[in-house]
Each structure stands twice: as C-alpha cells, then as structure tokens.
1. As a test of the formula, what do you get for chain A when each DSSP H run with n ≥ 4 contributes -39,500 (n - 2.57) and the sum is divided by the residue count, at 222 nm and rounded to the nearest 500 deg cm²/dmol?
2. On a full-extension model of 0.36 nm per residue, what is the gain between residue A:59 and residue A:318, subtracting their alpha-carbon distance, rounded to one decimal in nm?
3. Averaged over peptide B:36-43, how many Cβ atoms belonging to another chain are found within 10 Å of each residue's Cβ?
4. With the crude spin-label approximation of a point 7 Å out along Cα→Cβ, what separation in nm comes out for residue A:44 versus residue A:234?
5. Need one number: nm distance between label points at residue A:2 and residue B:106, each 7 Å from Cα along Cα→Cβ, rounded to one decimal.
6. For chain B, what does -39500 (n - 2.57) per DSSP helix run (n ≥ 4), summed and divided by total residues, give at 222 nm, in deg cm²/dmol to the nearest 500?
7. Within 10 Å of each residue's Cβ, count the other Cβ atoms and sort A:393, B:15, A:308, A:478 from fewest upward.
8. If a/c stays under 1.5 just call it rounded; otherwise compare a/b with b/c (prolate if a/b is bigger, oblate if not). Do that for segment A:47-98, with a ≥ b ≥ c from the square roots of the Cα gyration tensor eigenvalues.
C-alpha cells in the first residue's frame, strides 16, 4: 500500500505562494457570523505541485480503466471513449459556455442539443426526448414520474409496476422511490418474459411494465410485440430500460416495438466516459402521448432560432439544473455524427458478433444457462467450479492477475454463480482470444491449485481484501494520528 | 444439510415455525449457504400487517440483496434485534439465534399451503444445478 497524500504532508510545503494582498482588507469576522468561522485551520495536506502530480498519477496507473485494460463488465458497456469526443468537447466554445448565457448567445450549443434530441428520436423511434437526467437511474425516476403523471391526468389510480426477475436492481429501486409497489415477473425457461405470467399479473392497478430489451441475459424479448400489446390492452404503459441499447443500434427501434418510454445511457451506448470518470447522462425518450409530461425547459426551434421553452402545464418539472450534463451530451453528439447511420449499425452488429464469438470460445468450459444466440452480452455459470471449492468471486479476483478487469459477478440473480460478460464492439479478436484463454487457464488452475484462486489476486498492489468485514464494520474515515500540521496557513 | 421436520418451508427459502400467536420466521440453511456471508439485515416495523408472499424484510450478503417474503399473512409481533446488530448470526444459526421476525397469523390455515421438510428437501435437490 502506498502512503496517503496526508501522510506525505510536510509542514509549510506549498504548491504556490501568493503575494501579500495589497488592497483594502476587512477582518473575516466582519464578513461571516462567528459560528461559521473555524477556530483552527483545516488539516489539509501540505505538498508541492510535483508531489501532488506524482501521487495522483501513480494512483491512476494502479487502476484498471478502459484506456489500459479490457473491461468486460456485463451490462455496463465499457466501450472505448474516442479521444476525438473529448477534444471537441473541450473547445472553448463548448467548454467555456456558461449555463446562464442567454439563448441568443448560445445558438450553436442549443442547436447541438436540439439535433441530439432529433438523432436520439431517430435511433430509438421515440417521439420526443429530454436530455436533462444525469444518469440511467435518474432517467428511470424521470420516466416513472411521467408514468404517474400520465395516469393521474387520466384520473386513474394505478400503483403497481411489473418488473422481470432478471432486471437491473435500479428498476425496482426507482419504482419504489417513485412510490409504486413492485411486482416481480418470473422468467420462463428461455430466460424471457413469460406471456402467461404477464397476463396473470396485469390488472387495472398496473401502471407500467418495466423491461430491459435485450434483457440482462443478453437475450432479445422475442414476444416484445405481444408483450406491449397486452400491456396496452390493460391500460398499462411499457417502460424500457435502455441500458442495453448497444445491441439494437441501427438494427431495431424500441418505438416500433410499442415502447412508451425509455432511458438511454449515453455513458454506455454512446461512448461518453463512464463510472468515476463521468458524469453520466440518461436522456429519456417518450411516445407522442407522453410528450406533455416531459421535464421543462425544452429546446425548441422557432424559425431559424433555438430557444428555451419553460412552458408545460402538465410537465413533471425540472429534474436537473439547467439542461443536464452538457459536456457529456456534446461527446455523444460527436460520436453519433462521426459514425453516422451505417456506422451505428456496424457498431450494433460488431457488439453482437464479439459477444457471440467470445461465448463460443468459452462454451465448452462453462455452461451457458440459456441456449441460443445472444446479443451484446452473455451470462455463463461457474457452478462446475464449486466442486473444486472455487467460486465466481475467486475467478473474478484471479482474472485481475491476468491483466483483465473482472466481468459482473452474481448478476443476474436467476443464474447460479453468474459471470456476465460484455466485450463491446471496440475490442479486437486478439483481445477476445487472450481473455478466453485466460479464463480457460483459470478453470484449469481451479482443478490443479484451487488455493491459488482462493487467495487471488497476487500481482496487484492490494491483494484479497476482507469484503465481509468491510461491509459489516465499514470504516471509511482515515484518522490523522501523527500528522504534523503547521499553523502558518491562513 | 439441516432441514428441521417441525418447520414449514416456502419456495423462496424461508422457514416458519407453525404457531397461533408467534410464528417465528427465518431463512433456511440452503438459503444462507447460497447467500454466503450476510452483512446486513433490514426487518419490518412491529405491528406491520403483511400478506402472504409479500416482501417484508431484506437480507444482504456480499453477493447481493434479497427480499424475504412473508410465509403467511398476519401482524409482525416480534423482530430479532440480534441479527441487525450481528448479521453473521444468520449464517451461524439460521434456525435458532438467527431467526428474523415473528408473525401472529391472521389466517392460520395458510400454513398448510407451505411445504413440509420432505417436500422442501425435494425442491432443493431438484434445484441443484447439474
């Protein structure tokens, strides 16, 4: 373990020393109420600029990232983020734009946002979009608030959301946060929604079905048209979690499937930075009948001008300050325009091909619980290794030693010892083969030297951590013990 | 694996001790083994009315979070503070100290819809992946 920046602190060391202030001064106590004033300076680390740069650069090098490692984290679509997107988003005409700029001085950016909405409508077949939500889960919440507003406007009181048992955990969480009751739908033997089960659960209390297509097993809901028709017959809406949209790019449109609302995760499908490198963006698209409920403001085009429209009597209101994470939206726009329609379609096809290729390279070692072709990702079961006393968790840890980030484990819950793998279209055949060989090698190690796996990883700065203790007795605060603090700051 | 004959079982791997006043509920040995180390337990408030099959508690392990369903309808009359303080008790003694809550059944006949130890043994044997 390396030292924390606090432990590297040296009293009096500074990055910059500012010259003495030569303007008029007022004592701090005249400016702020006494109860808000510190009695002692904060215990900040004291370091030079070079200390700080080296410390954080070193930490970043110890991390796994898409720029450094294959990152097949299922359902997260950790595709490469083209540097071109970052470069254009950092142009001062985008980066230095202030959200309070009047619309008349921000026509270029407004046009970009307007066109991005149009492009997302074209890609998904939805009627209108809001770009405000800052993440997939916030998109879900925004969508569910619109579901509620839609039924209220019809003077209907519907309190249940149906969710398949293979859904992302955020779906029931968002439904519950929106004040709905969640009812689980059991998947059928093919890992798909069971029409009979759905029919049995539908009633005039069901506000919406929340599904993911393709689902978390990487399987396309073949009965989607019957599913949406059945929901609509009962007056229920269909919300689609668009987290897996990468598989459908240029190939199929949720709007054509009868979906009423969906969120897109731009940080997945549209290559904007993901995870700690975010922020994210979870735009929500809706059908024509739900458009009046979209959050305000909306970007409108009047003649040749773009304006902010704050009107919307039935709108659910604002869900984000200004208009979402605009820097992320710029990147997604560049990505879509760079690829074009044909490029997006090739992206979808390559994502599917890569997943199926990798699945085929692993199928003789690990059982694939649901037969047939997958779309952009697949789930294998590591149950056979249980006989050697090795778990999916151990294999995930061992993969780190081989220089691969571990796939999603123990999800979806419908598969025992699940390993959920999503290679994305940006990986080469060589990388996929190296990964398959690593997993095959680890399966062999499980038989010959299971202890090696149970103690993995061995090659990383931090070895096996006690995650049980960390969860039961979390201690996330570092306590300064003998850190010298100088009194010269201030 | 331990499957006490005096208890009744659900398909979702809860056990219940049939009693008119205080039917204790917990998770089975099979369930705690599958979950592995339990790290967090959320119990229902006392006095809560529950329906059979409704999610009433949450058990979280290092693998995932799982809902615990009410085996029968009734009122929550007791909850086990020991498991919220030391969740590992659920792993150590799932049929004893690791019980979760007790229900006063409102429809006592519902318990007859649940599985006997024999039926539950068959269920988990058939669920074992090949």
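Bear in mind that the values in this text are calculations on the coordinates, not laboratory data. Since this is a predicted model, take the numbers as computed values, not measurements. Note that we place each Cβ from the backbone using ideal geometry, even for glycine, and neighbour counts take in every protein chain shown.
1. Details: 14 runs with 167 residues, N = 490.
Dividing the helical sum by the residues of chain A leaves -10500 deg cm²/dmol.
2. Working: separation 259, 0.36 × 259 = 93.24 nm, distance 3.78 nm.
Taking 0.36 nm per residue and subtracting the Cα distance, the gain is 89.5 nm.
3. Working: counts 4, 5, 3, 8, 2, 0, 0, 0.
Average neighbour count from other chains, rounded to a whole number: 3.
4. Placing both labels 7 Å beyond Cα along the Cβ direction yields 5.8 nm.
5. 6.0 nm
6. Values: 4 runs with 28 residues, N = 130.
Here the helix-only value at 222 nm equals -5500 deg cm²/dmol.
7. Details: A:393 21, B:15 27, A:308 15, A:478 10.
Fewest-to-most ranking of A:393, B:15, A:308, A:478: A:478, A:308, A:393, B:15.
8. Working: a/c = 2.86, a/b = 1.02, b/c = 2.82.
Oblate shape, in that a/c is at least 1.5 and b/c is the bigger or equal ratio.
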